[in-house]
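For reference, the structure discussed in these notes is given below.
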Amino acid sequence: MSKLFKRTKILATVGPATNSPEIIEEIIMSGVNGCRLNCSHGSNEERETQIGWIRKAAEKKGRSVAILQDLQGPKIRLGMLKDNRLDVHRGDILVLEASPEYEHDGGSTIPVQYNLAEKCKVGEPLSMFDGKVKTIVKEIISKTAISVEVLNDGFIMSKKGLNLPDTDFSGDILTKKDLSDIEWGASADIDYVALSFVQSASDIENLRQILLSHGSTARVIAKIETKKAISSDEHLESIVKAADGIMVARGDMAVEAGAEVVPTMQRKLIAMCRRHGKLCIVATQMMSSMVDNPEPTRAEVSDVATAVVQGADVVMLSDETANGSYPVETVRAMKKVILYTQNHSRVASIARDSDGGIYNAISATAVKLAEEIDADAIICQTASGATAFATAAERPNLPIVSVTSNPRVANQLALIYANSAFVRPYSDEFGLSLAEELKASGYLKCKEGKKDLLTVIVSGDKNKYGTDTIRVRKV
């Protein structure tokens, strides 16, 4: 079982390439554990239809599948340019005007879908088109316009993004569109909400309060991609502790902070998440060549394997499944890399947060016990998911099977390391009952030469003491 059970999970972005019930079902059957709905593209009506397809496919597979709503955030984009493109040269002075209705005539005044004059300061860097064109802010011309000096030859295109790594957007990372999408998501079947361009822990707390005001129980993912978010280890750790999980958003991070920062920051963030029992997603260009090719490059295979060895909960596919020509093949290739890597290397242990309390202590003990007695699986009876999160943070080298009476919790646990979650009516023994059921179905199997399934069950009285019991049971 352990050789076939994928411990690092796959999160796939839904887009035009996967916008059908047949393809959604196929990628889930091929190994997808969660689906990302990117609010930067498409409509909420389209996403509502996609949620129905995801839930139907998950039910057919008999597993929980997480749905993540990725908010667009203050993604600053150029407006429409004449002929869709403008060539620029070093030394050019461009005027960036917050005027969506402005029709670019090919001159030096460029429409921008954000009022940069309210945030920018003279001397701050500004990159266009994913960093292909570098500029520096020269002047705040008016209440709605700034001028920038171009630092290299190149070209820009309509709707391409801008990055301002030194500009402070604190308190202004939720746009009107985001607030509308949050309200919609609270009434839809959403398990996680990812917040773009997080700069501080207060951004997370603000979103959490908004979700609570709408009655949403979705967990919050902080996308780490700004220079300010990674300004110091203490600041970064405060964000990790405030969120339910983080996404290592390597694309914008590379532009904002420098590509050389990304590998070290990925390792640091995974370690922080493990220490505090938080979900960690590694994202962007993991298998980007498979947008156009049926096989990954060796570098991409190494990239995925590195995330697995470092102990990431999740590896994410973006354009590969949203717009690529080989979405199903990409999922299968990623799963193949994960399985081979986990079966031929082991995630190193890490010191856990000493303030974790009873959940950390019990989970660490359960994992150590399970490995010492060579158990086949750890069974977590959980109401909120906290016990399963804590157990997964120990990175056991065997499956964790979680059982809960709450479907939302089960969906959220679908992305947690080594975790497979099931929904069953609550009882004192529903963990043991599930183990018996899964053994009978062949999902859980005894080790070769044994007739009994050896399990470690972590449980407690949800109405009194919470998780407080570890039992060893043969099934």
Checklist outcome for this item: For the stretch 328-350, the count of residues that are at pLDDT 95 or above and either in contact with a Cys (Cβ under 7 Å, 6 or more places away or on another chain) or β-branched (Val, Ile, Thr) (or both) equals 6
Checklist outcome for this item: Those residues of the stretch 250-269 which are buried (at least 23 other Cβ atoms within 10 Å of the Cβ) and more than 24 Å from Gly161 (Cβ to Cβ) amount to none
Checklist entry - For the stretch 297-370, list the helices (runs of 4 or more DSSP H) that sit wholly inside it and hold at least 1 residues that are in contact with an Asp or Glu (Cβ under 6 Å, 6 or more places away or on another chain); which are they? => result 327-344
Item to check | Among (1) over 29 Å from Ala377 (Cα atoms); (2) in a helix (DSSP H, G or I), the one test that Lys56 misses | outcome: (1)
Checklist entry - Counting residues that are assigned by TED's automatic domain parsing to the domain that holds Gly42 and buried (at least 21 other Cβ atoms within 10 Å of the Cβ), which strands (runs of 3 or more DSSP E) fully inside the stretch 109-219 reach at least 2? => result 192-195
Next on the checklist: So if I check each of Phe422, Phe389, which one is in the same structural domain as Glu436 (by TED's automatic domain parsing) and surrounded by fewer than 24 Cβ atoms within 10 Å (Cβ to Cβ)?
Outcome noted: Phe422
Checklist entry - Do we find a residue being free of Cβ contacts under 8 Å to residues at least 60 places away in the same chain and over 16 Å from Ala377 (Cα atoms) anywhere in the stretch 436-445? => result no
Item to check | Among the candidates Arg208, Arg219, residue that is free of Cβ contacts under 8 Å to residues at least 60 places away in the same chain and among the basic types (Lys, Arg) | outcome: Arg208
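The values are calculated or read from the model by the stated rules, or taken from the named source; none is laboratory data. This is a predicted model, so every value here is computed, not measured. We place every Cβ from the backbone using ideal geometry, glycine too, and count neighbours over all the protein chains shown.
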